[in-house]
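The values are calculated or read from the model by the stated rules, or taken from the named source; none is laboratory data. Bear in mind that the values here come from a model prediction, so they are computed numbers and not experimental data. Heads up, the Cβs are rebuilt from the backbone with ideal geometry, glycines too, and the neighbour counts pull from every protein chain shown.
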Amino acid sequence: MAFGLGLSIGTVNTVSAVAEEDSVKAPPGRRRRATRPPAVTHRTTLTFDSTGMARLGTIPRHGRVVTEFADLTQRGATAARVGNRALAPADLVAVVADCLIAEIRDDPRATGDDAGIALTHPVGYTDEQVGTLRTALDAAGLERVSLVAEPVAAAAWLEAEHGPLMPGLALVYDLGGASLDVTLVRVGAGCPDNPVIGTLRSRDFGGRAFGALVTTQAVRAESSRDDEDAGDPMGARAQDRAGVLRSEHVRGSLELVYRCLRQADVTMADVDRVLVVGGAARPAEVVRVLGEELARPVVTAPDPERTIASGAAIMARRTVMPSAEAGRKRGSGPRAWEFSRRKLRRSARVAVGAGVCAVAVALTLTVPGDAVLTALSQFGAG
């Protein structure tokens, strides 16, 4: 059974997701074995103990926490020193990937030859940055981990959940914690190996930028808000203001969308759908404003933060499906035709009872002759 693990390591959060061919039914009267959740989210933080062992997603009360290392394009990305080793940002990403893989090492589905692993990276990485990440993964013993651009993984999720798609363009609106990435991707049958035709990034939008906007507005209106909210203990007015600010925040990002369209020499009329992903895209205002302003169908997942990792898991599973299929075909050879003693007795009973000698002849072609004779003698003795 082909199994895929997708990893998305962001500046703020890290997500791991699985994809598998799940066609095995539980025997009557028995419950299916509990499986890993479809996706798991961690904070993108690392701590190291005195032995150099890494822990992902923890923020201890005492001790150093390593953060702000996941984006190799960010100036001054954090490095770390563990013992006598100096770990560059790419090395830290490889450590996170190894921690995520370790979480499923006890799962037999994830350890066979029919298990694939894919790690996503920002689409704006240069060849040198992708090469640096590849080198760090190989040095950590993660040669089997493949690399895929984030919007390409998102498009794979779109195809799996809403496909098959007609050939066309999708605009991936990735509103994350630290930035906004807008990417045009070809989808549907016949799309090239590199389907990205244009992309832009801005740190002026995203979860952190919106948080800074809310804080600024709160400081400016502090005195008036206190008067207004005196009779509003549940904070309904504050929630309404946050919704208005978020809508304005998303509208402000549309200039980046139009710049990306101009860069690719297309218009919004050429785009078939808008795919919204990213942890900061959960609020309903994001999808609503994009749908109203862009006038195109908007697609999003119940938890858009996990879309990219889920798409990477789907791609990882697809890479090993041919080998898994070949393994199943190999399993249909001579070993698949071996008969147990009970099956031989049943086959012999049918053959003799029906008076069809050809069945006994056929059995001799697939099992040793003494097995057939033993089965027939047992039938006669019974």
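Quick check on Val196: is it surrounded by 23 or more Cβ atoms within 10 Å (Cβ to Cβ), in contact with a Ser or Thr (Cβ under 8 Å, 6 or more places away or on another chain), in contact (Cβ under 8 Å) with a residue 24 or more places away in the chain and not hydroxyl-bearing (Ser, Thr, Tyr)?
Working: surrounded by 23 or more Cβ atoms within 10 Å (Cβ to Cβ): no; in contact with a Ser or Thr (Cβ under 8 Å, 6 or more places away or on another chain): yes; in contact (Cβ under 8 Å) with a residue 24 or more places away in the chain: yes; not hydroxyl-bearing (Ser, Thr, Tyr): yes.
Spelling it out, it is not the case that Val196 is surrounded by 23 or more Cβ atoms within 10 Å (Cβ to Cβ), in contact with a Ser or Thr (Cβ under 8 Å, 6 or more places away or on another chain), in contact (Cβ under 8 Å) with a residue 24 or more places away in the chain and not hydroxyl-bearing (Ser, Thr, Tyr).
Anything in region 43-70 that is over 20 Å from the mean Cα position of the chain (by Cα), in a loop (DSSP other than H, G, I, E, B) and of a type in the set (S, T, N, Q)? List them, or say none.
Across region 43-70, the qualifying residues are Ser50, Thr51, Thr58, Thr67.
Quick one: which of Ala269, Ala301, Ala312 is touching a helix residue (DSSP H, G or I) at 6+ places or on another chain (Cβ under 8 Å) and more than 21 Å from Phe205 (Cα to Cα)? Show your work before the answer.
Values: Ala269 fails: touching a helix residue (DSSP H, G or I) at 6+ places or on another chain (Cβ under 8 Å); Ala301 fails: more than 21 Å from Phe205 (Cα to Cα).
The unique qualifying residue is Ala312.
Can you find, within region 83-98, the residue that is modelled with the highest pLDDT among those that are farther than 24 Å from Arg318 by Cβ and surrounded by fewer than 19 Cβ atoms within 10 Å (Cβ to Cβ)?
That would be Ala88.
Just checking, which of Gly176, Gly163, Gly168 is modelled with pLDDT under 95 and either crowded, with 18+ Cβ neighbours inside 10 Å or over 16 Å from Arg306 (Cα atoms) (or both)?
Gly163
Residues that are touching a residue at least 12 places away in the same chain (Cβ under 8 Å) and in the same structural domain as Gly279 (by TED's automatic domain parsing), at least 3 per element: which strands (runs of 3 or more DSSP E) completely within region 71-185 meet that?
It comes to 168-175.
Could we say that Ala312 is closer than 25 Å to Met166 by Cβ and part of a helix (DSSP H, G or I) here?
Spelling it out, Ala312 is indeed closer than 25 Å to Met166 by Cβ and part of a helix (DSSP H, G or I).
When you check Ala19 against the structure, is it aliphatic (A, V, I, L, M), in a strand (DSSP E or B) and modelled with pLDDT under 95, yes or no?
Yes.
Being within 28 Å of Val172 (Cβ to Cβ), in contact with a helix residue (DSSP H, G or I) (Cβ under 6 Å, 6 or more places away or on another chain) and either surrounded by fewer than 16 Cβ atoms within 10 Å (Cβ to Cβ) or of a type in the set (S, T, N, Q) (or both) narrows it down to one residue among Thr120, Thr126, Thr135, Thr78; which is it?
Exactly one residue qualifies, and that residue is Thr120.
Please enumerate the residues belonging to region 116-173 that are among the aromatic types (Phe, Trp, Tyr) and under 23 Å from Leu87 (Cβ atoms). Break it down stepwise before answering.
Residues of region 116-173 among the aromatic types (Phe, Trp, Tyr): 125, 157, 173.
Selection gives Tyr125 alone.
Residues of region 201-241 being of a type in the set (A, V, I, L, M) and at pLDDT below 65, which ones?
Hits for region 201-241 are Ala230, Met234.
Going by the conditions given, is Thr267 modelled with pLDDT under 95 and among the β-branched types (Val, Ile, Thr)?
It is false that Thr267 is modelled with pLDDT under 95 and among the β-branched types (Val, Ile, Thr).
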